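Trainee: This is the structure I want to talk about, given as structure tokens.
The values are calculated or read from the model by the stated rules, or taken from the named source; none is laboratory data. Keep in mind that this is a model prediction, so the values were computed, not measured. So basically every Cβ, Gly included, is an ideal-geometry build from the backbone, and we count neighbours across all protein chains shown. Remember, those area values only see protein heavy atoms, side chains included, never the ligands or the DNA or RNA. Shrake-Rupley method; radii C 1.70, N 1.55, O 1.52, S 1.80 Å.
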Amino acid sequence: TVTMYDAPSGSITISKQAIGGGSELVGAHLRILDGNGTVVEEWDSTATAHQIVAKLIAGATYTLVETTAPAGYVIAESVEFTVNEDGTAQTVTMYDAPVGKVTIAKRDKSSGDELVGATLKLTDSIGNVIERWTTTTTPHVIKATLISGATYTRTEVEAPDGYEIADSITFQVQEDGEPMTI
């Protein structure tokens, strides 16, 4: 009698973290694709790493894809991984970079100097106020967490003495997370 035993593929842990590591990022939408591009598993990241048991084939190569990043982060590049041949457990970690900072300057049109005393606000695409501030001698760095690829509008609520209210400026946060000055 000859008996052959197949070991089930091992446990795969998928960890979703910010660059620099640490705790799990909540709110990313992730997928695992097989070599043919078929979705094998799909989920939203939580405060706990995602476990996949006996669903992936030992020795096979898969791709971890992020379709939606958590607020304040840029969609990560896909991660290709191969399940261990011997079926032993392994961890695959995908890292997200934070969205770059957005700086808003309010300048005099002729001199280019920063204008002091303008009241500005930043709203999202449905009109929710994200931040409101009064300009100073330095450009304002947005402190709120902005979403990569989302559209925002900078509106002047009150102009400094001697100036007219400027037109609103609508902009989109860059997908690559690069810092922006508006």
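Trainee: Suppose accessible area is computed on protein heavy atoms with a 1.4 Å probe; arrange 107, 132, 154 from highest to lowest.
Mentor: Greatest to least solvent exposure: 132, 107, 154.
Trainee: For region 5-83, go through all pairs of different Cα atoms, get the mean of 1/r, take its inverse, and jot down that Kirkwood value in Å.
Mentor: 13.2
Trainee: Per q in 0.22, 0.29 1/Å, what log10 I(q)/I(0) does a Debye calculation on the alpha-carbon atoms of region 108-170 return?
Mentor: -0.95, -1.37
Trainee: OK, next. If the reach is capped at under 21 angstrom between alpha carbons, list the lysines near residue 109, excluding any in the same chain fewer than eight residues apart.
Mentor: In chain and number order, the partners are 121.
Trainee: What list of ³J(HN,Hα) couplings, whole Hz, do you get for region 162-169 from phi and the Karplus terms 6.51, -1.76, 1.60, once you set θ to phi - 60° and write x for glycine and proline?
Mentor: Result, rounded to whole Hz: x, 10, 8, 5, 6, 5, 5, 10.
Trainee: What is the set of long-range amide H partners of residue 177 at a cut-off below 5 Å, with H atoms built 1.01 Å from backbone N?
Mentor: Hits under the 5 Å cutoff: 100.
Trainee: Let me ask another. Per residue, how big is the convex hull around the C-alpha atoms of the chain? Give it to me in cubic angstrom, could you?
Mentor: Once divided by residue count, the hull of the chain is 134 Å³.
Trainee: Within the set of other residues whose C-beta is less than 11 Å from the C-beta of residue 77, count the net charge using Lys and Arg as +1 and Asp and Glu as -1.
Mentor: -4
Trainee: I'd like to compare 76-88, 164-176: which one has the highest average count of other Cβ atoms within 10 Å, and what's the full order after that?
Mentor: 76-88, 164-176
Trainee: How far, in nm, would the chain grow between residue 26 and residue 121 when pulled straight, counting 0.36 nm per residue and subtracting the alpha carbon separation?
Mentor: 31.4 nm
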